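Novice: Take a look at this one; I'll ask things after.
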Amino acid sequence: MDVDPLSARVLAAVAEHGTLDAAARSLHITPSAVSQRLKQLEQQVGRRLLIRSRPVRLTPEGRAVVRFAQRQQLLEHELRADLGLAQDHAGARLTIAVNSDSLATWFLRAVAEVTAEHPVQIELLREDQDGTARLLGEGEAVAAVTSAAQPPAGCSSTALGQLSYRAMAAPAWWERWAGDGAQDGRTPSADVLARAPRIDFDRTDVLQAQWLRGRGVDPAAAPVHHVPSTHELAVAVELGMGWAMLLEDQARELEGRGAAIGLGGPAVVTPLYWQAVRTPSTLLDALTEAVVAAGRRELAAAALS
């Protein structure tokens, strides 16, 4: 079976932009040309590759073709380097899935090292640490920071370290809901936790629910706010909107100012891994080297401090 590389790239553009019209604009061709390329590609592979919804959705076979297109772009970058040809000034595009807490703390420093030394365009897809591996496996990213140890097929996995979270609340929250003053390190009763508000990052955030179950509390019982930002979530805790699991650095900073107290119980620890497609690529290798070094250095420092 021969897969036309240009048609595969067209499919990748459609998946990225969500519609045939948007993909056509990005490729500087007509929508009818995009449609024709997709039709030819489906005839070549003998499979349906795209579900024409809004936005479009890839079939499993379509995701495989998109992964092929991503690898091809990296290989073309390698070939130009091997032949001593000038690279596109914009560079190859690397799409990376990363969890919000890594993005807000250590990850960008690693990416900046790579962009300073290589012609590359970086696109970051923010997703929770449990969902980033899905984006990698579905071909939407070539690499991911994830909590999953087992990589998708065709990908490698390298341990980075772990993020540690503690349950924290403002003194005003404790006084309102626990009723007996701010006592650092004392876990509120199950009754308090079942009716007092908490703050989740978004609807996929399970850290608070995990901590509650460890206290014998049904997570569905309490009211929940959603604040989808690592920094603003800590601000919401300080303002007394609810309690939440905060990164260790955030917890210490708020404690130091008397802006929050610990609610006791063990920390919730999330291991992190770097996963990337297995493709010969000095560009992807450079990114992997920078991310693994930064992750291990900064996550280890956070654990020891």
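Novice: In whole Hz, what ³J(HN,Hα) sequence does the stretch 113-130 give by Karplus (6.51, -1.76, 1.60; θ = phi - 60°), x for Gly and Pro?
Specialist: For the stretch 113-130, the Karplus curve yields 4, 6, 5, 6, 10, 9, x, 8, 10, 9, 10, 9, 9, 8, 8, 5, 5, 7 Hz.
Novice: Place the peptides 216-228, 136-148 in order of packing, highest mean first, counting for every residue the other Cβ atoms within 10 Å and averaging per peptide.
Specialist: Working: 216-228: 14.0, 136-148: 24.5.
In decreasing order of mean packing, 216-228, 136-148 become 136-148, 216-228.
Novice: How far is helix 282-304 tilted off the main Cα axis of the chain, in degrees rounded to 10, range 0 to 90?
Specialist: 10
Novice: Further question on the same structure: In nm, to one decimal, how far is the modelled label at Asp249 from the one at Glu16, with both set 7 Å along Cα→Cβ?
Specialist: Going from the Asp249 label point to the Glu16 one covers 3.0 nm.
Novice: Here's a follow-up. For the stretch 11-106, rounded, prolate or oblate, judged on the Cα gyration tensor with a ≥ b ≥ c (square roots of eigenvalues), a/c < 1.5 rounded, else prolate if a/b > b/c?
Specialist: On the way: a/c = 1.77, a/b = 1.25, b/c = 1.41.
It is oblate, given that a/c is not under 1.5 and a/b is not larger than b/c.
Novice: Have a look at Ala22, Thr59, Gln72 and report the one farthest towards the positive end of the charge dipole of the stretch 1-73, computed about the Cα centre with Cβ charges (Lys/Arg +1, Asp/Glu -1).
Specialist: Thr59
Novice: Using a/c under 1.5 as the rounded threshold, could you call the chain rounded, prolate or oblate? The axes a ≥ b ≥ c are square roots of the C-alpha gyration tensor eigenvalues, and prolate needs a/b larger than b/c, oblate otherwise. Don't skip to the answer; put the middle values down first.
Specialist: Working: a/c = 2.87, a/b = 1.97, b/c = 1.46.
Prolate.
Novice: What size of dipole, in debye to the nearest 20, comes out for the stretch 1-73 about its Cα centre when the only charges are +1 on Lys and Arg C-beta atoms and -1 on Asp and Glu C-beta atoms?
Specialist: On the way: 12 positive and 6 negative charges, 42 e Å.
With Lys and Arg at +1 and Asp and Glu at -1, about 200 debye.
Novice: Using a simple spin-label model with points 7 Å from Cα along the Cα→Cβ vector, what separation in nm is obtained for Asp218 and Arg297?
Specialist: About 4.9 nm, to one decimal.
Novice: Hey, another quick one. What is the calculated FRET efficiency for Arg186 to Ala153, with r their C-beta to C-beta distance and R₀ = 51 Å, to the nearest 0.05? Intermediate results must be reported in sequence, preceding the final value.
Specialist: Values: r = 47 Å, r/R0 = 0.93.
Rounded to the nearest 0.05, the efficiency is 0.60.
Novice: Kindly identify the stretch 226-283 as rounded, prolate or oblate by the Cα gyration tensor criterion: order the square roots of the eigenvalues as a ≥ b ≥ c, call it rounded if a/c is under 1.5, otherwise compare a/b with b/c, prolate if a/b is larger, else oblate.
Specialist: Here the stretch 226-283 falls in the prolate category.
Novice: Provide the percentage of antiparallel DSSP beta bridges, counting only those with both residues in the chain; round to the nearest 5.
Specialist: Details: 22 of 35 bridges.
Taking every DSSP beta bridge with both residues in the chain, the antiparallel ones total about 65 percent.
Novice: Normalised by the residues of the chain, what does the relative contact order come to in percent, with Cα pairs under 8 Å and at least six apart?
Specialist: Values: 531 pairs, mean separation 61.8, N = 305.
Over the chain, the number comes to 20 percent.
Quick note: the coordinates plus some simple rules give every number you see, no bench work behind them. Just so you know, these numbers come straight off a predicted model, no measurement behind them. Counting neighbours? That spans all protein chains shown, and the Cβs are built from the backbone with ideal geometry, glycine included.
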